[in-house]
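Undergrad: The structure follows.
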Amino acid sequence: MAGRFDNRVAVVTGAAEGMGRATALRMAREGGRVLVTDIDKDALAEFDKTLKNEGLQGMTLFSNVAKRDDVEAMIDAAMDAYGRIDILVNNAGLLLPGTIEETTDEIIDNTIDINIKGILYAIRKVAPIMKKQGYGRIVNVSSITGKNGDNSTVFVYGASKGAVISLTRSVARQLGPFGITCNAIAPHAVMTAMMHYWDDAKKKSISDKIPVKRLGTEEDMASLMCYLASDETGFITGETVNINGGYYMD
């Protein structure tokens, strides 16, 4: 797949670590120029080193997607550096375990700000750029909880990821006539840093219930996100693709 992203510019949020990092690195290794954003400055510095060590094209930027000004500055930075934006991957997210009673006002606000508003801000800012180009790929990260609910995360998390599914469809309908697709992924049981609260017993219990008998990896997610961000998916839009080893099917 070398060269799949030649001459493409991608903005990937929350990508200094985890599946966002795996996605951005794969895009860069396949010829793309990437702008990676995050709130973890140390992880951003490590990502920047990786780009330089491998001779890849890209840059990093501290950005909090919960803040509209940060999101708009992120898009402006990509345009200033590269003159276009072909791909937007809205990967940044907040996931916290907890019960309904433990879901404070602060958790509700932070989850909505990051998981919904951050995506809305980014798409609103990038839409006129992609329209002018007559081309764009937008990939959002939802979750199985957005389709099926959950009993371990705070209930606002599932609500936020359900909203991502709906906004993905709305964006796909409105931007489709301009050569822009918008799709989402709905992961489950992916072993990123967010899943630190799963102990070994929990991991085994979940993997035993998955038809392919294993947990997901960051590279699994990167493979799907890169596919949805590529030229190969010009006739796929408005979809939220399950990626969970068959645990949940619809």
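The values are calculated or read from the model by the stated rules, or taken from the named source; none is laboratory data. Keep in mind that what you see is a predicted model, and the values were worked out from it rather than measured. Neighbour counts run over all protein chains shown; Cβ positions are idealised from the backbone, glycine included. Side chains included, ligands, DNA and RNA excluded: accessible areas come from the protein's heavy atoms. Shrake-Rupley method; radii C 1.70, N 1.55, O 1.52, S 1.80 Å.
Undergrad: If the reach is capped at under 25 angstrom between alpha carbons, list the lysines near K147, excluding any in the same chain fewer than eight residues apart.
TA: Correct list for K147: K117, K161, K202, K203, K204, K209, K213.
Undergrad: Okay, next question. By the gyration tensor of its Cα atoms, with a ≥ b ≥ c the square roots of the eigenvalues, what is the shape of the range 110-157: rounded for a/c under 1.5, prolate for a/b over b/c, or oblate?
TA: Oblate, because a/c is 1.5 or more while a/b does not exceed b/c.
Undergrad: A further question follows. Taking loop as defined by DSSP and a crowding limit of 15 other beta carbons within 10 Å, which trypsin sites (Lys or Arg not before Pro) in the range 177-250 fit? Mind showing how you got there, number by number?
TA: Values: sites: K202, K203, K204, K209, K213, R214; in loops: K213, R214.
Sparse-neighbourhood loop trypsin sites (Lys or Arg not before Pro): K213, R214.
Undergrad: Going by Cα centres, the range 169-242 and the range 93-112 are how many Å apart?
TA: 22 Å
Undergrad: Right, here's the next one. What shape does the range 51-169 take by its C-alpha gyration tensor, where a ≥ b ≥ c are the square roots of the eigenvalues and a/c under 1.5 counts as rounded, a/b above b/c as prolate, and the rest as oblate?
TA: Numbers: a/c = 2.20, a/b = 1.87, b/c = 1.18.
Here the range 51-169 falls in the prolate category.
Undergrad: Now a separate question. Under 5 Å between amide hydrogens, which residues at least 5 positions from L94 or on another chain qualify, with H placed 1.01 Å from N in the peptide plane?
TA: HN-HN under 5 Å from L94: N115.
Undergrad: Now for a separate question. Scan around G58 for amide H atoms under 5 Å from its own, H built in the peptide plane at 1.01 Å from N, and keep only partners 5 or more places away or cross-chain.
TA: Here the answer is V34, since their amide H atoms fall under 5 Å of that of G58.
Undergrad: Next question, about the same structure. Could you put T60, T233 in order of accessible surface area, largest first, with the 1.4 Å probe and the full protein assembly present? Intermediate values should be presented prior to the final figure.
TA: Details: T60 40, T233 0 Å².
Of T60, T233, the descending order of accessible area is T60, T233.
Undergrad: Report ³J(HN,Hα) in whole Hz for each residue of the range 134-146, in order, from the Karplus equation J = 6.51 cos²θ - 1.76 cosθ + 1.60 where θ = phi - 60°; Gly and Pro get x.
TA: So the Karplus estimates, Gly and Pro as x, are x, 7, x, 10, 10, 10, 10, 9, 9, 6, 4, 5, x Hz.
Undergrad: Can you give the calculated 222 nm mean residue ellipticity of the chain, where each DSSP H run of n ≥ 4 adds -39,500 (n - 2.57) and the sum is split over every residue, rounded to the nearest 500 deg cm²/dmol? Could the numbers behind the result be given before it?
TA: Details: 9 runs with 111 residues, N = 250.
Dividing the helical sum by the residues of the chain leaves -14000 deg cm²/dmol.
Undergrad: Enumerate the calculated ³J(HN,Hα) couplings along the range 101-117 in order (Karplus 6.51 cos²θ - 1.76 cosθ + 1.60, θ = phi - 60°), each rounded to whole Hz, writing x wherever the residue is Gly or Pro.
TA: 5, 7, 7, 6, 4, 5, 5, 4, 5, 5, 5, 5, 4, 7, 7, 10, 4
Undergrad: How much accessible surface area, in Å² rounded to 10, belongs to the heavy atoms of E239 with a 1.4 Å probe?
TA: Probe radius 1.4 Å; accessible area of E239 about 100 Å².
Undergrad: May I ask you to compute the full-extension gain from E46 to D200, defined as 0.36 nm times their residue separation minus their alpha-carbon distance, rounded to one decimal in nm? Provide the component values of the computation, followed by the final result.
TA: Values: separation 154, 0.36 × 154 = 55.44 nm, distance 2.83 nm.
Separation in residues times 0.36 nm, less the Cα-Cα distance, equals 52.6 nm.
Undergrad: Please list, ordered by chain and number, the residues whose modelled amide H lies under 5 Å from the amide H of L88; skip anything fewer than 5 residues away on the same chain.
TA: V11, R137, I138, V139
Undergrad: Starting from the Cα gyration tensor of the chain, take the square roots of the eigenvalues, sort them a ≥ b ≥ c, and report rounded, prolate or oblate (rounded when a/c is under 1.5, otherwise prolate if a/b is larger than b/c, else oblate). Display every interim value, and only then the final one.
TA: On the way: a/c = 1.44, a/b = 1.38, b/c = 1.04.
Judged from the Cα gyration tensor, the chain comes out rounded (a/c under 1.5).
Undergrad: Still on this model: Against the globular-protein guess of 2.2 N^0.38 Å, express the Cα radius of gyration of the range 143-250 as a ratio, rounded to two decimals.
TA: On the way: Rg = 14.9 Å, N = 108, 2.2 N^0.38 = 13.0 Å.
This ratio for the range 143-250 stands at 1.15.
Undergrad: Taking the chain as a Gaussian network, Cα atoms linked when under 10 Å apart, which of G93, G149, G238 shows the biggest mean-square fluctuation?
TA: G149
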